[in-house]
Amino acid sequence: MFKKELYVFDKDKPVKAIIRTYSQEDFDQLIHIQKKCFPPPFPSELLWNKEQLNNHIKLFSEGALCLEIDDQLVGSMTGLIINYNKEHKHHTWEDITDNGYIRTHDPNGNSLYIVDISVMPEFRKLGLGKWLMFSMYNIVVEKKLERLLGGGRMPGYKEKSNEMSPEQYLNAVVKGNIKDPVITFLLRCGRVPLHIIPNYLEDEDSLNYAALMEWKSPFVQS
Ligand SMILES: CC(C)(COP(=O)(O)OP(=O)(O)OC[C@H]1O[C@@H](n2cnc3c(N)ncnc32)[C@H](O)[C@@H]1OP(=O)(O)O)[C@@H](O)C(=O)NCCC(=O)NCCS
């Protein structure tokens, strides 16, 4: 069971938030959040269903976190443990997360892998996504894992794809010449890009590319 209480600031106004493990009673709200956070052209069949959510709490409840403000859920983040090695270089979201059903969860693995993160549009830019990410870093440390990993969508890439390759786009975001809604967020959360993965996820805005991004535990040298 994970529970953290904190305040974020909406301009100068403190807003109380709770980050906690989600349970069955939260499923309807979690599905609602997904619909709001991944609008078309994102494929609706990739949004959570109750069977997937049940697996998250059954197989690895510590990696099933939601964000609550005024008794309403406004965000969530889900992870599983994998035994990460070089063979995973060109994995897909579908393979590594078992299409979101996380039956690939390996309690003896070395890395926490992020299945998804989302914050409701009207609650963005308050620092809530970052607190969710930091909560997952807490779990990496508590479980003595080596790292947190995940494929970051790059939804700004489609617009720039006539001008540059996905690698050049990622470099431009890292240099600060371009801001990407997801990759810039991940950089600001302390995640470091490893490489581009083609055909990661059906995601029109990113032209199916993702940037594999890591946070290494400062306590475990791998
Ligand atoms: C990505 C997402 C979770 C960010 O949530 P959030 O609560 O708005 O993020 P935060 O307020 O914690 O932002 C943390 C940092 O990232 C920056 N950031 C957040 N969104 C950003 C954006 N769209 N562009 C540039 N920077 C951004 C913030 O400025 C902040 O920087 P700081 O810590 O230096 O002040 C949210 O935009 C979202 O749900 N997007 C849709 C779902 C999605 O694509 N998820 C990613 C799946 S891989």
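The values are calculated or read from the model by the stated rules, or taken from the named source; none is laboratory data. It should be emphasised that the depicted structure is a prediction, and the values quoted were computed from it without experimental measurement. Cβ atoms come from the backbone with ideal geometry, glycine included; neighbour counts cover every protein chain shown.
The residues of segment 13-42 that are within 13 Å of the ligand (Cβ to nearest atom), in contact (Cβ under 8 Å) with a residue 24 or more places away in the chain and in a loop (DSSP other than H, G, I, E, B), listed by number, are 38, 41, 42. For segment 202-218, the criterion of being part of a loop (DSSP other than H, G, I, E, B), under 19 Å from residue 91 (Cβ atoms) and at pLDDT below 95 is satisfied by at least one residue. When you check residue 5 against the structure, is it loosely packed, with under 12 Cβ neighbours inside 10 Å, modelled with pLDDT of 95 or more and assigned to a strand (DSSP E or B), yes or no? When the stated conditions are applied, residue 5 passes them.
Residues checked against (1) free of Cβ contacts under 8 Å to residues at least 60 places away in the same chain; (2) of a type in the set (Lys, Arg); (3) outside any loop (DSSP other than H, G, I, E, B):
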position	(1), (2), (3)
81	no, no, yes
87	yes, no, yes
90	no, no, no
104	yes, no, no
107	yes, no, no
115	yes, no, yes
136	no, no, yes
141	no, no, yes
148	no, no, yes
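The set of residues in segment 5-35 that are closer than 18 Å to residue 100 by Cα and either in contact with a Pro (Cβ under 6 Å, 6 or more places away or on another chain) or not aromatic (Phe, Trp, Tyr) (or both) comprises 21, 23, 24, 26, 28, 29, 30, 31, 32, 33, 34, 35. Of the residues 82, 102, 139, the single one that is more than 20 Å from residue 220 (Cα to Cα) and either within 14 Å of the ligand (Cβ to nearest atom) or hydrophobic (A, V, I, L, M, F, W, C) (or both) is 102. Of the residues in segment 144-162, at least one is near the ligand (Cβ under 9 Å from one of its atoms) and basic (Lys, Arg). Residue by residue through segment 111-130, note down the ones that are buried (at least 18 other Cβ atoms within 10 Å of the Cβ) and either modelled with pLDDT under 95 or more than 7 Å from the ligand (Cβ to nearest atom) (or both). Listed by number, the residues that qualify are 111, 112, 113, 114, 115, 120. Return yes or no: is residue 174 surrounded by fewer than 17 Cβ atoms within 10 Å (Cβ to Cβ) and either assigned to a helix (DSSP H, G or I) or among the small types (Gly, Ala, Ser) (or both)? Yes: the conditions hold for residue 174. Here residue 42 clears all of (1) closer than 21 Å to residue 139 by Cα; (2) buried (at least 18 other Cβ atoms within 10 Å of the Cβ); (3) hydrophobic (A, V, I, L, M, F, W, C); (4) over 15 Å from the mean Cα position of the chain (by Cα) except the condition numbered (1).
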